[in-house]
Amino acid sequence: MARGDKQLFNQQQGQQLAWNSGLLHQALGENTAAYNSLMPQLQSILAHPGYSDADKQAMLDSMDSALGGAYGDAQNQLAGRAALTGNSAGIIPAEEEMGRAKARAMGQAAGSLAQSFANAALGQKDYALNALSGLYRNSQPLIATGLGSNTNLIGQQGRLAGIPGAGTQLLQGGINAGLGLLSGLGLG
């Protein structure tokens, strides 16, 4: 490689390296900004998935109130019928059966709510873990491309130093690597 070619080659390589490094730093900055804004929210979801304790208690209270009201009305009707007819025979066994039915219904409703609470927590954990995975997965190829372009440019200098016209080949390779990096950024 002639002295003038080598200087031009070094200058072009330095420019391409600086351009690739700038794009890589920009990509890293954007990924860091996204990471820093999303990470606290995702960590909060992972630490406290599902409904809040207050929400759970409100749902349980609502279920208890609805079932209690329904069985309370039935018990009042039973007592009212006994009072109207003047016949209280059988009221105690009926009240006992109603109490057992209420306990079964409350147990089933509480179990259903517990399953809903668990499903909501698992769903939110899955969401947060998938989002975290996406943060890393999306930045990895871009960073690898940028680092690979810079490494390839440096390695080519040694291989091409003795070849006449190698500066043009290297410049073309650098341009192609830069376009690949832009494409990875979604800019090309």
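Every read-out reported here was derived from the displayed coordinates using simple, explicitly stated rules and does not represent laboratory data. The shown structure was predicted, so the numbers you read here are calculated from the model rather than taken from an experiment.
What is the distance in Å between the Cα centres of region 81-133 and region 31-48?
Using only Cα atoms, the two centres lie 37 Å from each other.
Based on the alpha carbon coordinates of region 1-67, what radius of gyration and maximum Cα-Cα distance (Dmax) apply, in Å?
Values for region 1-67 (Cα only, Rg and Dmax): 28.4, 93 Å.
Fully extended, how many nm does the chain gain between residue 98 and residue 46 (0.36 nm per residue separation, minus their Cα-Cα distance)?
On the way: separation 52, 0.36 × 52 = 18.72 nm, distance 4.25 nm.
That pair, residue 98 and residue 46, stretches by 14.5 nm at full extension.
Which of the lysines could a cross-linker span from residue 125 if the Cα-Cα distance has to be under 20 Å and same-chain partners fewer than 8 positions apart are dropped?
56
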